[in-house]
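See below for the structure under consideration.
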Amino acid sequence: MPDENLKYLLSLNERQREAACSDISIPLMIVAGPGSGKTSTMVGRVLMLLNEGISASNILAMTFTTAAAAEMRDRIGAVAGKATAKQLTISTFHSFSLQLCRSHAEKLERTPEFLIYGHGQQRRAIIEAVRLSEDEKSRKNLSVAIVGEESNSITSPHHYKDASRKWQKFVTQAKASGKTPAECRKMDDETGGKILGNYNDILKSCNALDYHDLISCSVKLLTDFPEVLKECQDLWKAIVIDEFQDTSAMQYSFLRILASHNHITIVGDDDQSIFSFNGADISGFDSFRRDFPNYKEIRLNKNYRSTRYIVEAASSVIKNNKKRCQLKNVETDNSSGYKVIIKESHNEDAQCAFVVDKILETASNRSDAGCSYGNIAILYRRQVSGKVFQTALRERKIPFNIHGVAVYRKKVVRAIIAMVKTTLPDCDDGSYRQVFKALLPFEKEEKKKCKTFWTLKRTQLTQGRKVLLTLEMISKLVHREQSISAVITSVANMVPQKYLLEQRAVIDVDGGKLLNEDNDVRSVLQYLLDDISDFLSTHFVAGQGDREVVKEKGCVSLLKAFIDCISERESENFRSRRHENQSSVTLTTIHQSKGLEWDIVFIIKVNESEIPLLHEFNGVAKENGTSIEEERRLLYVAMTRARRKLFILYVTMDSNWQMLQPSRFLKEIPNHLREVQADISTQDLQSKNPDTSKGTTRSTADLQPNVQPSEVDSVQNDFHHSKFDEASAELIELAEGNSGNGFLKRFSVDER
Ligand code: ATP
Ligand code: MG
C-alpha cells in the first residue's frame, strides 16, 4: 500500500479504520452524526478499494450536491494524487443519470440531444395534456401546439392553468413513485391515467424528458436492457454513496440494481435529511438492510469537527424530533469552546452590520479562533437573505464568494449568456465568438473564418446557417416569452450536446474545484434560475413578478439588466479571489452547505417564517409534524457546520415593519450552552416608542415564539403577496415540499 494511503488510514480512529478496511465484498453501511468523519471514512474506503486493485475508473462515488462532490474529489486527490482522483467518477445522481440516458437515448425513444423539461416547460406540457384529455380530437395537433409557434399554451383558458397546478403535482408524484398510466387506470383513476399518458406522449413527441424521468429512465435502462446493466456493472465495480439519507426511493432502486455485485458502501445520517421535498426518503436505510441482508453496519459517534458547546447545542435541538430512525449518541473530546451566541437584531440591516463587524473584529484579531476570511461562512435559508451581505461586505472591502458564483466562469454558462446576449442591442463580438464555439461543430480553421456576426452572415457554410437559425429562434423567444426565466431555460436547452460533452474535459476552472459534471446544463441552470429570482426580488418593486416586470419593462431590457447584474457580480468575485491569498468569506444556503465546515459560522434570520418556513403556497399556514421535523433538521445541519464559533441571528422586524418572531427552535438550546445578546437599538427603539415595540418587550432571553395564529397568517400573507413574485413563490413552494418536483429537485441546489 502506498505510504500516503497508509498514513491516511492510520490517521482514522479505530472504528473509522475498521469501516474503511472491511471486506469489500460485504455491503457496508456507515451511520453517524455530523462531523464524525463519515466522509473521511469514505475517502479511506475509496483508498482501500484502490488498494484492493479496483481501478479508479471503475469506482463510482455518488454525492448529493456538487459542492460535496468537489469536496470529496479534493480529499481523495490530497492523498491518492490528483491524477487518480480525476479518474474516479464522482457525481451527483442527476448528472450521472443524465449521462446514462443520453448514452442510451434511442432505447428511451429519444435522440441523444433530448431536451430536459424544467418546471415551466413541464407545466405547459401538462396544460396541453389536460386539454387533450378533455378533447381527444385535438390530439393530432399535439406536437404543433407544444413545439411550434403556438407553444404559448400559457394563453390557454384559465381553466387549464388552474387545473395544471394540481395535475403537475399528480404527474410528478406518479413519476416519483414510478407509476404508469396503466397502473393509474387499474386503480380506477381513469382521468389521471389519461393525463399521465398524454403528458408522456407530449414529452416523447418533443424529444424531451423531465427531471423525474432521468432517474426512472435510468432504472428502466438497467431493468429492461440486460446489455446496459452488464455494461454498467462491468464499468462500476464498486459504488460508494455519501449523504445516503437524501436518496429517493427511485434513486435507491437504481443503486440496488446496479450494486447487485454487493460492492456497495453507503454513508449517511438520517438527522441530516433535508431534501424530502425532493423525494428523499430515509426509509432507504431499512430498504438497504432488507435488500443487502449480509450487510455490515458501523456507527461512528465521536464528533471531531465542533467544540463541545456546539455539539451539545445541536444535539439538544435535534433530540426534539420524534421521527428519528437511528438514535445516535454524538460526543466529542474537543474543548467546550465558546457558547453558542444567539443574537437579536431589530432588522436585517442591523443583523448584517453586526455580522460584518464581527468578521472584521475576528480578522483583525487572529488569535480569536485563529480565523482568516476563508474560515468564515454566512448561512441562510434563502438566497435572497444573503443579498444585503454582499453589499455590506463589498463596502467594507471584505472578500467573499457566493457559493455557486463560479458557475458564471463555466463555458457552458458563458455560452448560454452569450446566446441570450445576441438578441440584445450592442452585442459584442466576444459573445458571438462564444456562440460560434458552442454551436458550430466544425473545426478550428473554419471557426476562425467566423469571427464576427457579419462574416458569419457572409459565409455560405451550412453550419453557419444553422447558427443563424438558432440565433433567430432565440430572438423570437425573447420577443415571445413572458418571463426571463423561460427564455434562459429554453436557451439552455439549445446548447448542443456535442458541446457539452466537449466541455466535460474542462475541469480546471476554480483551482481544480469544479467538476466536469458541472457543465451539465441542468445543474448550472439551477444557479441561473435562482439568480433570476434573487435579481428580481432585489431590483424591482416588491410584489412584481418576472412576468409583470417583463410586461412593464420589456423582455430585452430586463434580460440586459440581469446580465449586467451577473457580470458585475462575477467581476466582484474575480476581484475578491485575488484578494488576501484567495481567502474569502463564504455565503451559501444551508442546503448547499451540507458536508462542509468552517471555524466560524453565522446562521442568519433564524426566525419563525424562515426556519421553520411555514408558508403554504396559498398562504395558509402549514404545520404538520413531518415538515417541522425537516425544518429542525435544516437548523441542525446549519449548526453542525461550525467548528469553533457559532452565531445564530434573528431579527425582530422585517423591511415592512412587521414584527417577526425568533425561531421556535432557539428555545430548544439550553441556557447553559448559549449566550443571548439583545439588540441595543431595539431596546432604544422600545424605550422611545413603546407602540412600535409592542410584542418585542418580552425578554430576549425568553425565546418562546408566542405566535398567534392570526399573526402567522398575516406575516405569511404579507410575505407571500408583497415580497415574492411568481418565480420565487414557486421556489418556496418547492423548497417546502408542496410539490414533488421543484427547482431544487430539478437541479438539486443545489442546489439545491
Ligand atoms: P457531515 O455529516 O457534516 O458530512 P462527516 O461525518 O462526513 O460530517 P467529516 O467531514 O468526514 O465528517 O469530518 C469532520 C471533520 O473531522 C473533518 O475536519 C475531518 O478532518 C475531521 N476528522 C474526521 N475523522 C477524524 C479523526 N479520526 N481524527 C481527527 N480528525 C478527524
Ligand atoms: Mg460528510
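The values are calculated or read from the model by the stated rules, or taken from the named source; none is laboratory data. None of the values given here were measured: they were computed from a predicted structure. All Cβ positions, even for glycine, are placed from backbone atoms using ideal geometry, and neighbour counts span all protein chains on display.
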| message | Can you go through Asp286, Asp270 and tell me which one is out of contact with any Asp or Glu (no Cβ under 9 Å at 6 or more places or on another chain), away from ligand 2 (no atom under 16 Å from the Cβ) and within 26 Å of Thr172 (Cβ to Cβ)? | response | Asp286
| query | Do you know which residues across the range 196-215 are at pLDDT below 90 and under 15 Å from Gln173 (Cα atoms)? | reply | Asp210, Tyr211, His212, Asp213, Leu214, Ile215
| request: Just need a number here: residues in the range 90-113 that are of a type in the set (Lys, Arg) and assigned to a loop (DSSP other than H, G, I, E, B). | output: 1
| message | For the range 20-53, give me the residue count where each residue is more than 13 Å from ligand 2 (Cβ to nearest atom), over 18 Å from Asn329 (Cα atoms) and not in a loop (DSSP other than H, G, I, E, B). | response | 9
| message | Contact list please: Cβ distance under 8 Å, first residue in the range 24-50 and farther than 22 Å from Gln272 by Cα, second residue part of a loop (DSSP other than H, G, I, E, B) and of a type in the set (Asp, Glu), pairs at least six apart or on different chains. | response | Ile24/Glu52
| query | Which condition does Val355 not pass, out of (1) at pLDDT 95 or above; (2) part of a helix (DSSP H, G or I); (3) surrounded by fewer than 18 Cβ atoms within 10 Å (Cβ to Cβ), if it passes all the others? | reply | (3)
| query | Does Leu514 fit the bill of being at pLDDT 60 or above, within 20 Å of Ala85 (Cα to Cα) and aliphatic (A, V, I, L, M)? | reply | no
| note | Restricted to the range 208-246 and to residues being of a type in the set (Phe, Trp, Tyr) and closer than 22 Å to Ala176 by Cα, the residue farthest from ligand 2 (Cβ to nearest atom) is Phe225
| query | On the given criteria, is Gly284 closer than 20 Å to Ala176 by Cα and not polar (S, T, N, Q)? | reply | yes
| Breaking point among (1) under 23 Å from the mean Cα position of the chain (by Cα); (2) under 24 Å from Val171 (Cα atoms), for Leu108 | (1)
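Has the range 61-68 got any residue that is surrounded by 18 or more Cβ atoms within 10 Å (Cβ to Cβ) and near ligand 1 (Cβ under 9 Å from one of its atoms)?
yes
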| query | Taking the range 227-244 as the region of interest, how many residues are within 15 Å of ligand 1 (Cβ to nearest atom) and over 17 Å from Ile215 (Cα atoms)? | reply | 3
| query | Right, Thr39: touching an Asp or Glu at 6+ places or on another chain (Cβ under 7 Å), within 13 Å of ligand 1 (Cβ to nearest atom), among the hydroxyl-bearing types (Ser, Thr, Tyr) and under 22 Å from Leu10 (Cβ atoms) or not? | reply | yes
| field | Identity of the residue in the range 41-60, among the small types (Gly, Ala, Ser) and under 23 Å from Asp234 (Cβ atoms), that ends up surrounded by the most Cβ atoms within 10 Å (Cβ to Cβ) | value | Ala56
| task | May I ask you to verify whether Ile264 is away from ligand 2 (no atom under 15 Å from the Cβ), touching a residue at least 12 places away in the same chain (Cβ under 8 Å) and touching a strand residue (DSSP E or B) at 6+ places or on another chain (Cβ under 6 Å)? | result | yes
| task | Working carefully through the options Tyr211, Tyr252, find the one that is without any contact (Cβ under 8 Å) to a residue 60 or more places away in the chain, within 26 Å of Met72 (Cα to Cα) and away from ligand 1 (no atom under 16 Å from the Cβ). | result | Tyr252
| said: Which residue is modelled with the highest pLDDT, if the candidates are limited to the range 158-184 and must be of a type in the set (Gly, Ala, Ser), assigned to a helix (DSSP H, G or I) and surrounded by 15 or more Cβ atoms within 10 Å (Cβ to Cβ)? | reply: Ala174
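Condition test on Arg75, is it crowded, with 20+ Cβ neighbours inside 10 Å and of a type in the set (Lys, Arg)?
In short, no.
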| request: Considering only residues that are part of a loop (DSSP other than H, G, I, E, B) and in contact with a Lys or Arg (Cβ under 9 Å, 6 or more places away or on another chain), look in the range 54-89 and name the one that is farthest from ligand 2 (Cβ to nearest atom). | output: Ser55
| query | Which of the residues belonging to the range 402-444 are in a loop (DSSP other than H, G, I, E, B) and at pLDDT 80 or above? | reply | Thr422, Thr423, Leu424
| remark: Looking across the range 276-320 at residues that are within 25 Å of the chain's Cα centre (by Cα) and among the β-branched types (Val, Ile, Thr), the single one that is nearest to ligand 1 (Cβ to nearest atom) is Ile318
| Odd one out for Leu10 among (1) in contact (Cβ under 8 Å) with a residue 12 or more places away in the chain; (2) within 15 Å of ligand 1 (Cβ to nearest atom) | (1)
| Unmet requirement for His104, which otherwise passes all of (1) within 13 Å of ligand 2 (Cβ to nearest atom); (2) touching a residue at least 40 places away in the same chain (Cβ under 8 Å) | (1)
| query | Within the range 14-30, which residues are near ligand 1 (Cβ under 10 Å from one of its atoms) and touching a strand residue (DSSP E or B) at 6+ places or on another chain (Cβ under 7 Å)? | reply | Arg15, Gln16, Ile30
